[in-house]
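S.K.: If you scroll down you'll find the structure; I have some questions about it.
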């Protein structure tokens, strides 16, 4: 008989995906330019020219060589290039043997959870958080333990996280720059987290692994994004090229098991990651885009485009009197809903053709998320609708 | 703490992968042309020219459109093209809404198992079988029940399969054309299976789903490969373009939930497939190769090359006095080991630089699998080694 949990997951798409689908339908009805779709993190900045150039170059390889299976962990030269880049950028002795290529950050997190948890364990997630974390944690037979971050800085509440840890705690997932709020955890905040995890790990008698979800690492606005393995050794970095290279549909990323960890322990964690990849049916990451990722490993992201979007949107919201969190990274704006029920606010926004995601699905009431990675023009054209929405509340 | 099962899976690669890795090492030591690597199903036939032409054409699309996320189930136009192709080729009313794009057949099977099993269930697998089935079945918390096929035809032993069914039986996996033996199940054999599954399903009070793993569908030597959904409605077809288009590393395939099934039931199964894809962290199948697959959906596979390899190899083995199963499809030759212990035979073959996979890992003692999808030249050059191996046994 079919698995009812899987049926439920397939039949009830995430709030984000649901709104995205509504947007596609609505655009077909009234025109692409009449709908202001802030629902999804699909970059509007094109992939760097080097992506196309690399593909053109790669197509000269013999097809049998180009499209062949790679080893499960990835093409050796690709893993080496990525390890070298990590070593060069963050000053740690990163080894190719600790880089496991994946079909994107979602896969990276799912298999990292598979590697460092056992059924019955608990995984701590600071809220608000990317809602699929809950799905992947529960798929492993584990429970999610949500710990609210500090409002309005949205930095980690390390004390509250510490209080939530018990013998069942296997791992913590962090995501900085953060989706949905745009916060970037400070070095001080991460150092406090590391010290707490060290201490609590000793207290409960087993290590606590830190899963660091970093698809937005390259997208920041003038702040430092500390490299987590340099602060807490027991880290699995989950990286993706979806946002950095604007390749969200091509599905390529990696898990990096930190070389700052004890070498024997890192070996064990790495094999568990590889085992989880195998168990999930990931044969290898798509090989053409493994090679593209390696060729573009130090290609800069076009942060300027997002910075301009951010400025236009926040200046307009300031003027209209919306309350929001100034984002230090990623391309999401976390805006206070104009009524306590964020879903009701999102529904009312729809009447103005504004698609914004209610915060409830991120494990937090009373806010909405606006993805401003969209076309500049859409943002500019949406401003009257945002104004009308605000005024409709002011008039009440 | 790390998951010991995952650690074990990652630390102990499959016999196939292990031999493949040994081959890479050995080739580096003594030269590419000195090692006769029959270990892995990496096609030596290049992808059709249309693949490269399609990629060149696609690269003219705006990158933001080309590389964007697709819906989780795939690009609507791609799903429609595939459904139309199924309808045209097999005469069933295939709908796009029942096609779920995946990162290859492995993913297709893993999520099909996720959809139609619950922890504690049993899944019947005719042996010999592709060894990863066991990994994916056990990952779902289920047990594999191996039922030997008939020797020497290697057709399904439907009576024995029926006897293995009980209330815990959730699904059956079949793979025709078959890896590792090259058998293609006849229409009569499949009809007997369907009748038995219908009857047993009534007896145990719940449906039994048939997961039909079909990456080798296009690679056959003059025999019919009946389309399973036309024979048994409760079928999930797991397809891949890895072998059909020689794109094993690019990871693209699909699950097709048969439209011959009751529509309401098919909807439920489809949503469960979608849910399992979500739970596994598959955001979407790689979009560039989704489009390539659609463009090449009816591109013929270069079966002629494999047919010639098959002829050269089997004629030589006939002359040397090896016993083997004449393959009707796929590109594997199932050869009787020259001693009862297949692992010992494979080890001895290594001394002649012949890499052949012992049958034990396929759930069957006493045979070896030779992948003849390799370069023609390698086969020709390997013949003296195969002869010497045979003679070394004859001399005993």
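Every number here is computed from the coordinates shown, using simple stated rules; none is lab data. Please read all numbers here as calculations on a predicted model, not as lab measurements. No Cβ is skipped: glycine too gets one built from the backbone with ideal geometry, and neighbour counts run over all protein chains shown.
S.K.: Any idea what the residue B:52 label distances to the other copies are, label 7 Å down the Cα→Cβ vector, nm, shortest first?
M.R.: In nanometres, ordered from closest: 2.1.
S.K.: Please arrange A:20, A:289 by how many other C-beta atoms lie within 10 Å of their C-beta, fewest to most. Don't skip to the end; give the middle numbers.
M.R.: Values: A:20 21, A:289 31.
Taking fewest neighbouring Cβ atoms as first place, the list is A:20, A:289.
S.K.: Also: Quickly estimate the mean residue ellipticity at 222 nm for the protein assembly as shown, helices only: each DSSP H run with n ≥ 4 gives -39500 (n - 2.57), and the total goes over all residues, rounded to 500.
M.R.: Numbers: 28 runs with 342 residues, N = 792.
Result for the protein assembly as shown: -13500 deg cm²/dmol, rounded to the nearest 500.
S.K.: Next question, about the same structure. Restricting to Cα pairs below 8 Å that are 6+ residues apart, what does the relative contact order work out to for chain A? Please round to a whole percent.
M.R.: Numbers: 746 pairs, mean separation 92.6, N = 396.
Reported relative contact order: 23 percent.
S.K.: If I fit a long axis through the Cα atoms of helix B:105-116 and take the longest principal axis of the Cα atoms of chain B, what angle between them do I get, 0 to 90°, rounded to 10?
M.R.: 50 degrees
S.K.: So, one more: Label the stretch A:1-126 by shape, choosing from rounded, prolate and oblate, from the square roots a ≥ b ≥ c of the eigenvalues of the Cα gyration tensor; if a/c is under 1.5 it is rounded, and otherwise prolate applies when a/b is larger than b/c, oblate when it is not.
M.R.: In terms of gyration-tensor shape, oblate.
S.K.: Could I ask something else about it? Please report how far the C-alpha centroid of the stretch B:1-34 lies from that of the stretch B:211-227, rounded to the nearest whole angstrom.
M.R.: 29 Å
S.K.: Still on this model: In terms of the Cα gyration tensor, with a ≥ b ≥ c the square roots of its eigenvalues, is the stretch A:238-305 rounded because a/c is under 1.5, prolate because a/b exceeds b/c, or oblate?
M.R.: Note, shape of the stretch A:238-305 comes out oblate.
S.K.: Compute the relative contact order of the stretch B:96-175 as a whole-number percentage, counting only Cα pairs closer than 8 Å that sit 6 or more residues apart in sequence. Numbers along the way, then the final one.
M.R.: Details: 98 pairs, mean separation 28.3, N = 80.
Contact order relative to length: 35 percent.
S.K.: Arrange B:257, B:357, B:303 by Cβ neighbour counts within 10 Å, fewest through most, would you?
M.R.: In order of increasing Cβ crowding within 10 Å: B:303, B:357, B:257.
S.K.: Here is a follow-up. With everything on Cα atoms, drop me the angle between helix A:76-90 and the longest principal axis of chain A, reported from 0 to 90° to the nearest 10.
M.R.: Long axis of A:76-90 versus the principal axis of chain A: about 70 degrees.
S.K.: Still on this structure: Cα gyration tensor of the stretch B:50-295, axes a ≥ b ≥ c as square roots of the eigenvalues: rounded (a/c below 1.5), prolate (a/b > b/c) or oblate?
M.R.: Working: a/c = 1.84, a/b = 1.56, b/c = 1.18.
In terms of gyration-tensor shape, prolate.
S.K.: Within a 10 angstrom radius of each residue's Cβ in A:241-252, how many Cβ atoms of other chains show up on average? Whole number is fine.
M.R.: 5
S.K.: Relative to the longest principal axis of the C-alpha atoms of chain B, give the angle of the C-alpha long axis of helix B:342-351, reported between 0 and 90° and rounded to the nearest 10°.
M.R.: Around 60 degrees separate the two axes.
S.K.: Mind checking the mean number of beta-carbon atoms from other chains within 10 Å of the Cβ atoms in A:60-70?
M.R.: For peptide A:60-70, the averaged partner shielding equals 6.
S.K.: Where both residues lie in chain B, what percent of DSSP beta bridges are antiparallel, nearest 5?
M.R.: Expressed as a percentage, antiparallel bridges in chain B total about 50.
S.K.: Sorted from fewest to most neighbouring beta carbons within 10 Å, what does the list B:302, A:157 look like?
M.R.: B:302, A:157
S.K.: Determine the shielding of peptide A:10-20 by partner chains: average, over its residues, the number of Cβ atoms on other chains within 10 angstrom of each Cβ.
M.R.: 4
S.K.: What does DSSP give for the protein assembly as shown in terms of the percent of beta bridges that are antiparallel, rounded to the nearest 5?
M.R.: About 50 percent, rounded to the nearest 5.
S.K.: Report the relative contact order of the stretch B:222-373, percent, no decimals, based on alpha-carbon pairs under 8 angstrom and at least 6 residues apart.
M.R.: Relative contact order here is 15 percent.
S.K.: If r is the Cβ-Cβ distance from residue A:34 to residue B:267 and R0 is 30 Å, what FRET efficiency results, to the nearest 0.05?
M.R.: 0.40
S.K.: Select from B:322, B:129, B:332 the residue whose mean-square fluctuation is largest in a Gaussian network model of chain B (Cα-Cα springs shorter than 10 Å).
M.R.: B:322
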